[in-house]
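Undergrad: Pasting a structure below so you can have a look.
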Amino acid sequence: MAKKKVKAKMSGVFYRRPAPEEPAYCEVGDVVKKKQVLALLETMKVFQKVKSTADGKIVEILAENEQPLKDGDVMFIIETE
């Protein structure tokens, strides 16, 4: 099984859920599809959707909710077949 990293494409604040009262987009163990929304990244008051780079299972979530990230930081690891 291969592992794919989902990296931040820009610096910004990482959000795991669409709103504070909403559930997280994904959890460790969830099966996801390519281009599925996994989180949000806020840069200068603009929210960008973080999407899965492959079909597979989330095996690690490396970024913390509301944590500032830099371009290239790894947010998720997806195990693919």
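Undergrad: Given the C-alpha centroids of the range 52-81 and the range 6-48, what is the distance between them in whole angstrom?
TA: A separation of 9 Å, based on Cα centres.
Undergrad: Which order do Glu81, Glu27, Glu64 take by accessible area at a 1.4 Å probe, largest first?
TA: Order by accessible area, largest first: Glu81, Glu64, Glu27.
Undergrad: List the residues whose amide H sits under 5 Å from the amide H of Gln67, counting only those 5 or more places along or on another chain, with H placed 1.01 Å from N in the peptide plane.
TA: So Gln67 has HN proximity to Phe14.
Undergrad: Which of these values of Kirkwood radius over Cα pairs in Å was calculated from the structure shown: (i) 13.0; (ii) 12.5; (iii) 16.3?
TA: Checked against the structure: label (ii).
Undergrad: Sticking with this structure for a sec: Considering amide H positions built from the backbone, and no H for Pro or chain starts, which residues 5 or more places from Val50, or on another chain, come under 5 Å of its amide H?
TA: Counting only residues 5 or more places away or on other chains, the set is Leu38, Ala39, Leu40, Leu41.
Undergrad: Mind checking the per residue accessible area of the chain for me, 1.4 Å probe, whole number of Å²?
TA: Ligands and nucleic acids excluded, the figure is 65 Å² per residue.
Undergrad: Follow-up. Pop out the ³J(HN,Hα) list for the range 42-55 in order, Karplus 6.51 cos²θ - 1.76 cosθ + 1.60 with θ = phi - 60°, rounded to Hz; leave Gly and Pro as x.
TA: 9, 10, 6, 6, 10, 9, 9, 7, 8, 10, 5, 8, 6, 6
Undergrad: In the chain, carbon and sulfur make up what percent of the accessible area (probe 1.4 Å)?
TA: Summing carbon and sulfur atoms, their accessible area is 50 percent of the total for the chain.
Undergrad: HN-Hα J couplings of the range 65-81 from phi, Karplus 6.51/-1.76/1.60, θ = phi - 60°, integer Hz, Gly and Pro as x?
TA: Listing the rounded values in order: 4, 6, 8, x, 10, 10, 3, x, 5, 7, 9, 9, 10, 10, 8, 10, 8 Hz.
Undergrad: Here's a follow-up. Test of understanding: in a Gaussian network model of the chain with alpha carbons linked when under 10 Å, which of Glu60, Glu21, Glu42 would top the mean-square fluctuation ranking?
TA: Maximum among the listed residues: Glu21.
Undergrad: Sticking with this one: Got a sec to turn the phi values of the range 3-15 into Karplus ³J(HN,Hα) couplings, 6.51 cos²θ - 1.76 cosθ + 1.60 with θ = phi - 60°, whole Hz, x for Gly and Pro?
TA: Karplus-based 3J(HN,Hα) across the range 3-15 equals 10, 10, 9, 9, 10, 5, 8, 7, 6, x, 9, 8, 10 Hz.
Undergrad: At a Cα cut-off below 17 Å, give the lysines reachable from Lys35, other chains included and same-chain residues fewer than 8 away excluded.
TA: Lys3, Lys4, Lys5, Lys7, Lys9, Lys49, Lys51, Lys57
The values are calculated or read from the model by the stated rules, or taken from the named source; none is laboratory data. Just so it is clear, the model here is predicted, and its values are computed rather than measured. All accessible areas refer to the heavy atoms of the entire protein, side chains included, with ligands and DNA or RNA removed. Shrake-Rupley method; radii C 1.70, N 1.55, O 1.52, S 1.80 Å.
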